[in-house]
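Asker: Dumping the structure here so I can ask a few things about it.
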Amino acid sequence: MKKPGVKKYKVRLLSRARFFVAILIVLQLIFLAILLAGSSLYFRYAGWILHVISVVVSIHIFNRSGKSGFKLTWIFLILLFPLFGGIFYLVFYIQSNPRKYRILIKKYQNKCKQFFYLSKDKLHLLENAPCYRLSRYLQNSAGFPVYTNTKTEYFSSGEAYFKSLIPELEQAKQYIFLESFLIEAGIMFDTIFAVLEKKAKAGLDVRVMYDDLGCFATLPDDFDTFLEKAGIKCLVFNPFKPVLSSLQNNRDHRKIVSIDGKTAFTGGVNIGDEYINAYEKYGHWKDSAIMLKGEGAWSLTMIFLRLWNMESFIRKKWREDDYTEFFPWKTNSCPPESDGFVQPYADSPIIKEYICEKVYLHIINTARNYVYINTPYLIPDEAILSALMMSAKFENDIRIITPHRPDKPLVQMVTRSFYRQLISAGVKIYEYSAGFNHSKTFVSDDTMATVGTPNLNYRSLYLDYECAIFMYKNSSIKKIKEDFLLTIANCKEMTLKDCAPNAFFRLIQDVARLFAPLM
């Protein structure tokens with residue numbers, strides 16, 4: 001599949017059925033607004049009834065469980081549009097069925113939990129470690145065990161990741177599982193696809209799962225058919241539908257490649273040429289990824305299989321797998337080559353456990369010397385914002401790198417609105433001058449780190465499906481720190497003056513910040 005020219009690409013996009021799906025949603029919004037506005041004109045008591053509904057809905061939102069940022073945004077919208085704000089909220093959630101999804105997710109979590117433990121339990125080895133409480137939570141509450149007998153390799157760029165990925169794919173003997181938020185035709189995809197097609201023809205179990213909205217503007221509607229004709233099993237996660245539904249807001253932002261359950265990758269790199277700097281989109285693209293070889297790779301394999309089988313059940317497409325068939329050490333034990341401790345973990349927005357946030361908070365709150373953070377978006381909720389500020393006031397060295405050239409200008413405006421509080425508290429903020437920093441890493445005190453897919457914003461932490469690797473006393477931790485310090489050499493340190501040059505701009509930032517939970 002060749003990458004089409006810009007003009008041809010736009011014409012193709014306009015002709016897609018999914019474009020008209022988006023139009024249908026917009027028409028629903030317009031129709032709802034006209035209907036409610038019209039009713040207040042033609043019926044004497046309609047306006048009062050709608051106001052009462054909005055008040056009742058606002059009280060419900062205030063008292064329900066959940067993040068305060070989401071509550072405040074909804075209440076603000078209802079105050080802004082008191083006639084139909086409450087009705088819009090009800091329509092938005094009534095057309096969803098999160099309870100059904102919650103039951104289904106818990107079913108698959110309970111069903112798959114035992115298979116994560118096919119390797120021996122290693123939690124007791126961390127009893128005296130500063131990360132013990134976090135690791136115990138991830139294992140006993142969230143269901144993601146601690147692994148040893150695992151080697152890691154950290155990649156400080158998409159190019160380095162891609163260079164290592166292809167040879168590993170070529171060595172696959174039984175299966176290749178690939179999950180990506182975004183896939184776009186080009187050098188990166190064409191190279192990967194050639195290997196996947198060859199392996200599928202050789203009889204390997206090759207599977208691809210991608211997010212429908214993430215690929216909304218990058219793939220044709222029949223891309224899954226294209227893959228299946230090549231012998232590759234394919235699932236489109238949460239297909240975009242023409243309804244106002246909160247479930248449409250929950251996207252699969254994970255990036256996982258599993259090869260025979262022995263080798264696995266995750267990180268920020270999607271499948272697109274900008275991620276490997278094959279073409280320049282927002283300047284130099286800075287990204288990161290990590291490879292696991294050994295027992296820890298099995299956990300990422302199970303994370304993939306659990307979501308694959310759940311989504312397959314919903315779509316009524318593939319039969320559920322026998323998970324033990326994919327375990328690579330049924331007869332021979334994994335070679336005892338240990339590189340510290342690794343603990344892959346994943347998050348689901350429907351369960352509302354906020355696992356990724358808990359990992360980030362633990363790293364920040366237990367730091368005694370420093371925390372270095374890479375993130376493309378810095379839109380934290382009150383808990384993380386307070387933790388960062390408090391850690392800096394405890395005289396820890398807290399540094400954060402964000403992009404200088406944004407992919408979404410409005411998101412960068414909101415990101416910069418948080419600089420003022422953080423810099424005033426002693427946090428050092430740097431913007432990557434060479435281009436776009438898409439890396440998502442935390443490293444602390446030379447002992448703990450995490451690399452994965454979640455950004456430091458509401459969408460990643462509370463709305464999307466994410467995954468990452470937590471590491472303790474691992475050789476990659478030193479490389480993550482070194483990469484961060486090298487990246488700073490290509491950054492500009494931000495000052496309070498840089499954050500908001502005048503009062504008017506600060507006002508615009510503050511207004512935009514009201515919608516932070518939507519970003």
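The values are calculated or read from the model by the stated rules, or taken from the named source; none is laboratory data. Not measured: the values here are computed from a predicted model. Note: ideal-geometry Cβ built from the backbone for every residue, glycine included; neighbour counts use all protein chains shown.
Asker: So, of the residues in region 210-221 that are crowded, with 19+ Cβ neighbours inside 10 Å and in contact with a Lys or Arg (Cβ under 9 Å, 6 or more places away or on another chain), which turns out to be modelled with the highest pLDDT?
Answerer: It comes out as D211.
Asker: Now, a different point. Residues in region 261-273 that are farther than 13 Å from F181 by Cα and either surrounded by 24 or more Cβ atoms within 10 Å (Cβ to Cβ) or not acidic (D, E) (or both): how many?
Answerer: Qualifying residue count for the region: 5.
Asker: Related question: Name the single residue that is farthest from the chain's Cα centre (by Cα) among those in region 167-183 being over 17 Å from L219 (Cβ atoms) and surrounded by 16 or more Cβ atoms within 10 Å (Cβ to Cβ).
Answerer: A172
Asker: Can you report the number of residues in region 207-244 which are of a type in the set (S, T, Y) and closer than 14 Å to W318 by Cα?
Answerer: Count: 0.
Asker: Right, something else. Do you know which of the residues in region 90-138 that are at pLDDT 85 or above and among the β-branched types (V, I, T) is farthest from S312 (Cα to Cα)?
Answerer: Restricting to residues being at pLDDT 85 or above and among the β-branched types (V, I, T), the top hit is I103.
Asker: Within region 414-468, count every residue that is more than 13 Å from the chain's Cα centre (by Cα), closer than 17 Å to Y345 by Cβ and not aromatic (F, W, Y).
Answerer: So the answer is 5.
Asker: Take G186 and decide whether it is in contact with a helix residue (DSSP H, G or I) (Cβ under 7 Å, 6 or more places away or on another chain), surrounded by 18 or more Cβ atoms within 10 Å (Cβ to Cβ) and on the phi > 0 side of the Ramachandran plot.
Answerer: Here the answer is yes, as G186 does meet what is asked.
Asker: Select, from I469, I488, the only residue that is of a type in the set (A, V, I, L, M), in contact (Cβ under 8 Å) with a residue 40 or more places away in the chain and closer than 24 Å to L123 by Cα.
Answerer: Testing whether each residue is of a type in the set (A, V, I, L, M), in contact (Cβ under 8 Å) with a residue 40 or more places away in the chain and closer than 24 Å to L123 by Cα leaves just I469.
Asker: Moving to a separate point now. Evaluate the following for D221: is it of a type in the set (D, E, K, R) and not in a loop (DSSP other than H, G, I, E, B)?
Answerer: No; evaluated as a whole, the condition is false for this residue.
Asker: Mind checking which pairs have a first residue in region 118-137 that is on the phi < 0 side of the Ramachandran plot and assigned to a loop (DSSP other than H, G, I, E, B) and a second that is surrounded by fewer than 18 Cβ atoms within 10 Å (Cβ to Cβ) and not β-branched (V, I, T), Cβ under 7 Å, 6 or more apart or different chains?
Answerer: Pairs that qualify, where the first residue is on the phi < 0 side of the Ramachandran plot and assigned to a loop (DSSP other than H, G, I, E, B) and the partner is surrounded by fewer than 18 Cβ atoms within 10 Å (Cβ to Cβ) and not β-branched (V, I, T), are L118/F327.
Asker: In this structure, does T447 turn out to be in contact with a Ser or Thr (Cβ under 7 Å, 6 or more places away or on another chain), modelled with pLDDT of 95 or more and not assigned by TED's automatic domain parsing to the domain that holds Y132?
Answerer: Judged against the criteria, T447 is not a match.
Asker: Output the qualifying pairs, or none if there are none: Cβ atoms under 7 angstrom, residues six or more apart or on different chains, first residue in region 214-236 and closer than 17 Å to N270 by Cβ and assigned by TED's automatic domain parsing to the domain that holds L463, second residue part of a strand (DSSP E or B) and not charged (D, E, K, R).
Answerer: Close Cβ pairs satisfying both conditions: none exist.
Asker: Is it true that some residue in region 167-190 is without any contact (Cβ under 8 Å) to a residue 12 or more places away in the chain and of a type outside the set (K, R)?
Answerer: Yes, the conditions are met somewhere in region 167-190.
Asker: I'm trying to understand the selection: among the residues of region 419-433, which are touching a strand residue (DSSP E or B) at 6+ places or on another chain (Cβ under 6 Å) and either more than 22 Å from N490 (Cβ to Cβ) or of a type in the set (K, R) (or both)?
Answerer: Selection gives K428 alone.
Residue-by-condition table, conditions (1) touching a helix residue (DSSP H, G or I) at 6+ places or on another chain (Cβ under 9 Å); (2) modelled with pLDDT under 95; (3) outside any strand (DSSP E or B); (4) not small (G, A, S):
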{"position": "L300", "(1), (2), (3), (4)": "no, no, yes, yes"}
{"position": "L305", "(1), (2), (3), (4)": "yes, no, yes, yes"}
{"position": "W318", "(1), (2), (3), (4)": "yes, yes, yes, yes"}
{"position": "N332", "(1), (2), (3), (4)": "no, yes, yes, yes"}
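Asker: Go through (1) in the same structural domain as H253 (by TED's automatic domain parsing); (2) of a type outside the set (G, A, S); (3) at positive phi and name the single condition E395 misses.
Answerer: Failed condition: (1).
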